[in-house]
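To keep things clear, I will list the structure first and then write my remarks on it.
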Amino acid sequence: MGYARTALLLAALTGLFLAVGYVAGGQSGILIAFGIALAMNLFAYWNADKIVLRMYGARPADGHELEAIVAQLAQRAGLPAPKVYIIDQDQPNAFATGRNPENAAVAATTGLLRRLSREEVAGVMAHELAHVKNRDSLIMTMTAVLAGAIGMVANMLMFTGLMGGRDDRNNPLGAIGSLAVMLLAPLAAMLVQMAISRSREYEADRIGAEISGQPRALASALAKISQGAAVIDNNVAEANPASAHLFIVNPLHGRAGDSLFSTHPAVQNRIERLLAMESGAGMTFDRPRAPARPTRASSIPQSGRRPTIERSRRGPWS
């Protein structure tokens, strides 16, 4: 169902793009806008991994135990071992990047390594390997191409309208319809793009739990990362919010739930699904088959209470 939802959202984004092209009228303008957006996103697709790793100051995890954990998980997942990086950042978090499994990289912050147990770190890395396995970088690049093209065409429509270069008498939607497309199409494209991002996070949770074999450890990690991200700033991410969707938990502040404008699902929802997956309650990541719902107290794994952030505590790798 996760793949079906992503396919439907991509189809909706494609339909929106065609609708905007229909309103724009001429084929030449729509092809030029699409070509520019495609070129920009192809550049990002081939170079995004290098750009984002450099932006966050990631360093190779040569000889670190994290390398051995990722290599073991990659073997279980049937993937080539990706490059492993560490980011000197106190906020606990992690992300994956790369255009395909053969050119993938995963990165974890020092804050994550200090605060999480070995099993929790393995759960996080399995989630990131699920993104690699699902080729989510390719999916998100496709959405970026379409969303970017829609925004460009809408801007072209607005520019030609302001300059008096459009004649809306032959436009099937008229002047009011064109104005609505100019204003609403980019917003709609952004909402669909964010919905696809949330869908891929749920799918990565599910497959990551299968790779690691420990859904509860991943659920516990999500709780700790969420609490850390809520109180510890990630200044690089705050300055570059377009990269926030890469992380396992949104590194930016002010996210309460599965809102339309969120790139990540609510962490509590993700925890509940992972615990239901472990307990065999019949709940999939797309539709609950039983009404059972974990209580808030039971949604925090292992200890039965919400984990605390201890800044001075030394983690499993000091």
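The values are calculated or read from the model by the stated rules, or taken from the named source; none is laboratory data. This is a predicted model, so every value here is computed, not measured. Every residue, glycine among them, receives a Cβ derived from its backbone with ideal geometry; neighbour counts consider all protein chains shown. For accessibility, only protein heavy atoms count, side chains too; no ligands or nucleic acids. Shrake-Rupley method; radii C 1.70, N 1.55, O 1.52, S 1.80 Å.
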Only unsatisfied item for residue 130, checking (1) open to solvent by 10 Å² or more (accessible area, probe 1.4 Å); (2) modelled with pLDDT of 95 or more, is (1)
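Within the stretch 45-84, how many residues turn out to be among the hydroxyl-bearing types (Ser, Thr, Tyr) and at pLDDT below 85?
1
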Considering the stretch 11-44, residues that are surrounded by fewer than 20 Cβ atoms within 10 Å (Cβ to Cβ) and closer than 30 Å to residue 109 by Cβ, and then whichever is modelled with the highest pLDDT, we arrive at 43
- Might you let me know whether the stretch 103-120 holds any residue that is out of contact with any Ser or Thr (no Cβ under 8 Å at 6 or more places or on another chain), modelled with pLDDT under 95 and closer than 21 Å to residue 200 by Cβ? yes
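For residue 242, indicate whether it is at pLDDT below 85, outside any loop (DSSP other than H, G, I, E, B), under 23 Å from residue 108 (Cβ atoms) and not hydroxyl-bearing (Ser, Thr, Tyr). Before you say what the answer is, go through the steps one by one.
On the way: at pLDDT below 85: yes; outside any loop (DSSP other than H, G, I, E, B): yes; under 23 Å from residue 108 (Cβ atoms): yes; not hydroxyl-bearing (Ser, Thr, Tyr): yes.
For residue 242, the condition - at pLDDT below 85, outside any loop (DSSP other than H, G, I, E, B), under 23 Å from residue 108 (Cβ atoms) and not hydroxyl-bearing (Ser, Thr, Tyr) - is met.
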A careful count of residues in the stretch 61-77 that are open to solvent by 60 Å² or more (accessible area, probe 1.4 Å) and not small (Gly, Ala, Ser) gives 6
Within the stretch 109-129, the residues that are in a helix (DSSP H, G or I) and not charged (D, E, K, R) are 110, 111, 112, 113, 121, 122, 123, 124, 125, 126, 127, 129
- [ ] Inspect the stretch 78-97 for any residue being touching a strand residue (DSSP E or B) at 6+ places or on another chain (Cβ under 7 Å), under 19 Å from residue 236 (Cβ atoms), surrounded by fewer than 23 Cβ atoms within 10 Å (Cβ to Cβ) and among the small types (Gly, Ala, Ser) and give the result as yes or no.
- [x] no
- Message: Going by what's in this entry, would residue 236 be described as open to solvent by 20 Å² or more (accessible area, probe 1.4 Å), at pLDDT 90 or above and within 26 Å of residue 57 (Cβ to Cβ)?
- Response: yes
